[in-house]
Amino acid sequence: MRKPLIAGNWKMHKTVAETLDYIRRFRELVSGITDREIMIAPPFTALYAAGQEISGTNIKLGAQNAHWAESGAFTGEISPAMLKECGVQYVILGHSERRHIFGETDEMIRRRLEGVLSAGLRPILCIGETLEEREAGKTFEVLERQVREALSGFSADDLKVLVIAYEPVWAIGTGKTATPEQAEEAHRYVRGLLGELFGKDFAEKTRILYGGSVKPENIAELMAQSDVDGALVGGASLDPETFARIVRYGG
Ligand SMILES: O=C[C@H](O)COP(=O)(O)O
């Protein structure tokens, strides 16, 4: 049984003061929910304060990226150990904005994943095709490459805390959600691939989230798909009331 994870990726939004205000409202709205995991990923600058404020609640803290090294001459980067100190448990890796705007490669993402796992943190590996790739019939090919390359060299045991997020690039921030059938088709494909690479048991236990214009209005039909185990929510996670409705599957 895979416990659903509803995760909010705030991207480059919210100051420390705004983060604290959000958490004070949000924790009341989701208190008592234990049958699914809830995570927010504020910007790096607000992580420490957020970690203090959510302590003792059912909200988990995520970061939006991490470097592979513990420390070193890597200007502008943040290490997994630094994130852990702030109370971070999950780290989003390979988000399409990192891949497409900042030029992160599959190999960089594999190394970041290694650093995150070594620190005892849980990676959320983002994968997804562009519109051009989908229209060219290359969706599965792209997903296969992203999964194989990011996970190469790891064993099923290394990856037992792995979460995957399928985020079709054409659905991110566009208001265009994949249909539940399109999401299910991609998730089923990825689960099959995980089965081939790491065994059926591993594939059955690994959570695959959907991301791309998730809203209170479409979360229930997405969650009704058998291979959709949660959501990675961008824009709609920025308002505590809206995100709490998504956590409650629209209710
Ligand atoms: O990480 C989240 C995704 O990029 C989805 O963003 P969105 O919900 O604003 O489309």
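Annotations for the structure displayed:
- Selection count where residues are out of contact with any Gly (no Cβ under 7 Å at 6 or more places or on another chain), within 16 Å of the ligand (Cβ to nearest atom) and assigned to a helix (DSSP H, G or I), scope region 147-179: 1
- Test result for residue 196, part of a helix (DSSP H, G or I) and open to solvent by 40 Å² or more (accessible area, probe 1.4 Å): yes
- Residues (surrounded by 18 or more Cβ atoms within 10 Å (Cβ to Cβ), over 16 Å from the mean Cα position of the chain (by Cα) and either of a type in the set (Ser, Thr, Tyr) or within 13 Å of the ligand (Cβ to nearest atom) (or both)) located in region 203-251: 216, 218
- Unmet requirement for residue 103, which otherwise passes all of (1) open to solvent by less than 60 Å² (accessible area, probe 1.4 Å); (2) away from the ligand (no atom under 16 Å from the Cβ); (3) touching a residue at least 12 places away in the same chain (Cβ under 8 Å): (3)
Let's see how each residue does on (1) exposed (fewer than 15 other Cβ atoms within 10 Å of the Cβ); (2) at positive phi; (3) in contact (Cβ under 8 Å) with a residue 60 or more places away in the chain:
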| residue | (1), (2), (3) |
| --- | --- |
| 51 | no, no, no |
| 56 | yes, yes, no |
| 63 | no, no, no |
| 72 | yes, yes, no |
| 84 | no, no, no |
| 92 | no, no, yes |
| 98 | no, no, no |
| 107 | yes, no, no |
| 115 | no, no, no |
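- Residues in region 141-157 that are more than 15 Å from residue 199 (Cβ to Cβ), buried (at least 17 other Cβ atoms within 10 Å of the Cβ) and out of contact with any Ser or Thr (no Cβ under 9 Å at 6 or more places or on another chain): 143, 144, 146, 150.
- Selection from region 12-43 of residues that are within 18 Å of the chain's Cα centre (by Cα) and surrounded by fewer than 18 Cβ atoms within 10 Å (Cβ to Cβ): 12, 13, 36, 43
- Candidates 23, 38: the one that is modelled with pLDDT of 95 or more and within 16 Å of the ligand (Cβ to nearest atom) is 38.
- Output for region 128-146, where each listed residue is of a type outside the set (A, V, I, L, M, F, W, C) and either assigned to a loop (DSSP other than H, G, I, E, B) or farther than 15 Å from residue 104 by Cα (or both): 128, 129, 130, 132, 133, 134, 135, 137, 138, 139, 141, 144
- Members of region 1-26 found to be basic (Lys, Arg) and in contact (Cβ under 8 Å) with a residue 60 or more places away in the chain, listed by number: 2, 3, 11, 14, 25
The values are calculated or read from the model by the stated rules, or taken from the named source; none is laboratory data. Keep in mind that what you see is a predicted model, and the values were worked out from it rather than measured. When we count neighbours, we look across all protein chains shown, and the Cβ atoms used for this are built from the backbone with ideal geometry, even at glycine. Areas reflect the complete protein model, heavy atoms only, side chains present, ligands, DNA and RNA absent. Shrake-Rupley method; radii C 1.70, N 1.55, O 1.52, S 1.80 Å.
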